[in-house]
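Presented below is the structure to which this report refers.
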Amino acid sequence: MIKNILPTSTVGSLPKPEWLAPSQKLWSPWKLEGDALLEAKQDALRISLHEQQLSGIDIISDGEQTRQHFVTTFIENLSGVDFKNRKTVKIRNRYDASVPVVVDEIKRQKPVFVKDAKFLRKQTNKPIKWALPGPMTMVDTLYDNHYKSKEKLAWEFAKALNEEARELQDAGVNIIQFDEPAFNVFFDSVNDWGMAALEKAIEGLHCETAIHICYGYGIKANNDWKKTLGSEWRQYEKIFPKIQNSNIDIVSLECHNSNVPLNLMELIRGKKVMVGAIDVAKNTIETPEEVAATLRKALKFVDIDNLYPSTNCGMAPLSRHVAQGKLSALSAGAEIIRKEFAI
Ligand SMILES: [Zn+2]
């Protein structure tokens, strides 16, 4: 599918145009409604695709232009969840958020992103990647008043995700990525049932599958948490053995400007690795040489055929100007390394 070495991609989200939703915040409300909103989302998706292609990005995402949030938009489309009577919970033991409540059996009544994926597929011949939330992160983003068991709820989410993933694959999506930042926090649960739930979500897929595990968007709660993690962030060490033994093809990680010891990637040797070479928590645009330096370090632990240069996380909270600069830096940095390897 991908011919050149070091195919670049983003983790998923990109800033939305100001006319669609106020920029630089999460859960940003839509400025339009009805058919006008539908059309505006598709226009934003077109722009996002155009900007990625202009920057030389190889694996295209939808920039998450048609969703309000990487977890809640999927949940909103399931039955069994009450979005009106919300409860406040602590997300990833870190910050309070008002979240929906599971009140009945979880069911996916209709496709969620399939139309959007078909729309993107029509616009480009490049490989496309689609992000879905992972079951464990979904469990952590709502209040359960029905199953009263995180494991059971995760299993129901996994079944709904699997239905969606199969249809995304049929729509021509090449890589389906599951976002699981919760994997970096609840290690015991990952090993007890989190990975099993993710395996259920990818069951029967023949397209490539990815898991994205990061230290969160560049918002204050996450940045404050990172300050408490000390000089070496070894969270990945606790979950990599389980991932190494799983059917997941690609692992997307935070690397640039983070305290993750890159040699931990030895634990997933053989998997493809989306190496985060762009810091999404800072507005400073990396130079291509900085990107190349991160990739060079990663190459000690990842074979070049398995290395996918990427961003540390989504770029939704950044300004469009900064995000665009970072995309170009990512491509230019990857190109430096490609040249070094060209004989
Ligand atoms: Zn992330």
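What to note about this one:
- Å³ per residue enclosed by the Cα convex hull of region 61-125: 109
- Here the dipole of the chain is about 280 debye; that uses its Cα centre as origin and unit charges on the Cβ of Lys and Arg (positive) and Asp and Glu (negative).
- Projected-area average for region 215-343 over all orientations - Cα convex hull basis, square nanometres: 8.0
- Of all DSSP beta bridges confined to the chain, the antiparallel ones make up roughly 25%.
- Estimated translational D of region 147-193 in µm²/s (Stokes, Kirkwood radius over Cα pairs; 37 °C; 0.692 mPa s): 268
- Theoretical FRET efficiency, 1/(1+(r/R0)^6), r = Cβ-Cβ of residue 105 and residue 73, R0 30 Å, to 0.05: 0.90
- Diffusion coefficient (Stokes-Einstein, Kirkwood radius over C-alpha pairs, 25 °C, 0.890 mPa s) for region 11-90: 175 µm²/s, rounded to a whole number.
- Rounded to the nearest 20, the size of the Cβ-charge dipole of region 160-279 about its Cα centre is 440 debye, with Lys and Arg at +1 and Asp and Glu at -1.
- Solitary cysteines of the chain, where the nearest other Cys Cβ is not under 4.7 Å: 207, 255
- For region 246-294: Kirkwood Rh in Å [reciprocal of mean 1/r, alpha carbons]: 12.0
- Estimated translational diffusion coefficient (Stokes-Einstein, Kirkwood radius over Cα pairs, 20 °C, 1.002 mPa s) of the chain: 107 µm² per second.
- Sparsely packed chymotrypsin sites (Phe, Trp or Tyr not before Pro) within region 9-84, loop by DSSP, other Cβ within 10 Å at most 13: 19, 27
- Legend: distances between Cα atoms for 242/272; 159/200; 110/152; 87/148; pairs beyond 18 Å are 110/152.
- For region 287-343, projected area of the alpha-carbon convex hull averaged over all directions, nm²: 4.1
- If you wrap the tightest convex hull around every Cα atom of region 87-151 and split its volume per residue, you get 124 Å³.
- Dipole of the chain [Lys/Arg +1, Asp/Glu -1 at C-beta], most positive-end residue of 54, 20, 100: 20
- The Cα trace of region 120-235 gives Rg and Dmax of 15.7, 46 Å, the first to one decimal, the second as a whole number.
- Cβ-based charge dipole, region 34-341, positive-most Cα from 204, 250, 125: 250
- Packing order of peptides 122-134, 269-281, highest average first: 269-281, 122-134 (average count of other Cβ atoms within 10 Å over each peptide's residues).
- If you plug the beta carbon distance of residue 342 and residue 266 into 1/(1 + (r/R0)^6) with R0 = 22 Å, you get a FRET efficiency near 0.25.
- Student exercise, region 204-343 dipole from Lys, Arg, Asp, Glu Cβ charges, in Debye to nearest 20: 260
- Contour excess over end-to-end distance, with Cα ends at residue 319 and residue 296 and 0.36 nm allotted per residue: 5.5 nm
Taken together, the values in this text are just the output of simple stated rules run on the coordinates, not laboratory data. All values reported here derive from a predicted model rather than from experimental measurement. With ideal geometry, Cβ positions are generated from the backbone for all residues, glycine too; neighbour counts draw on all protein chains shown.
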